[in-house]
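Here, each number is a calculation from the coordinates, and none is a lab measurement. The structure displayed is predicted, hence computed values, not measured ones. Glycine gets a Cβ as well: all are built from the backbone with ideal geometry, and neighbour counts include every protein chain shown.
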Amino acid sequence: MIDGLEKSIDRLIEGVKTKIYGNTFRCPVCHLELSMHDVNGKGLVVCPLCGIVIEVTTVFGHILAVVHDVEIKRHQPKMRLHPLSTHIPLGLFPFSFLLSLLLLLASFIFPFIDNQCFLGSFYHYLSALANISQFMLITSVVFLLPAFFTGLYDWYFRYEKRRYRTIDIKIVCSLIFLVLALIAFFLQNAGLVFSAETGLIATTFENIVVAAIYFLLMFVSLIILATIGHLGGLLVFGK
Ligand SMILES: [Zn+2]
């Protein structure tokens, strides 16, 4: 069953990737997968990972990538600020989501358990957990900004503003993440998701609907953040 699920997810990812990337080929040197959208009007592309200049032609429908040269004057920043700055949002956001999921689980369990039992003794910590989740959420949003701008700086100097489909996706995904995560934060900050007193989701219809929207926003944001991180990893390690 897990194998079947994995294959379905792989097929889904491949389908989305084909739609966004179109035809792809691999760099003959480092094997990084590149898109035909990355090739300029003269049929040339510089591999963002290894700096090889590749000429791309199509022979009988097959993409042929030929190594021409190596980019020698490549900007090599001493302080790699972008990979460093990505660790805070990538590290904190999943924990914010995890704590929110714990509070969701607690909202199902705690109304039915005795406050005097062992599990009930944790009741007083739930509002603090909601605050920590909210703090991690806004911290990851705020620290995505330096990650975003140092990424743009790298693209400007290291990649000389060349258009790569991977970098376009990273920029668009970062902006979408900022919007979705900020909406999730404002919902949580307004006390519409978790009650300020108990830390649990209130059982009114409005609160349940807002909580459902909040968890959907958090889930989609997590997928987007994982995609940004994964693509960034490809630009560093290739595979
Ligand atoms: Zn390469």
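Table for the structure above
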item: Karplus 3J(HN,Hα) series, Hz, for the range 190-195 with 6.51 cos²θ - 1.76 cosθ + 1.60 (x for Gly, Pro); result: 6, x, 8, 9, 10, 5
item: Rounded to 10°, Cα long-axis angle of helix 165-189 versus longest principal axis of the chain; result: 10
item: For the chain, Kirkwood radius (reciprocal of mean inverse C-alpha pair distance, Å); result: 20.6
item: Expected 222 nm ellipticity per residue - DSSP helices of 4 or more, -39500 (n - 2.57), all of the chain, to 500; result: -20500 deg cm²/dmol
item: Using alpha-carbon coordinates, inclination of helix 205-237 to the longest axis of the chain, degrees; result: 30
item: Distant alpha-carbon pairs in the range 44-171 (separation over 23 angstrom), percent; result: 57
item: Overall Cα dimensions of the range 160-208 - principal axes, largest extent first, Å; result: 52, 18, 12
item: Burial order of peptide ranges 11-17, 51-57 (average beta-carbon count within 10 Å, highest first); result: 51-57, 11-17
item: Helix axis angle, 2-21 relative to the chain longest principal axis, alpha carbon, degrees; result: 50
item: Over the chain, relative contact order from alpha-carbon pairs under 8 Å, at least 6 apart, %; result: 20
item: Burial ordering of 47, 30, 117, fewest other beta-carbon atoms within 10 Å first; result: 117, 30, 47
item: The chain: Cys lacking any partner C-beta under 4.7 angstrom; result: 117, 173
item: Mean shadow area of the range 24-74, taken as a quarter of the surface of its Cα convex hull (nm²); result: 3.4
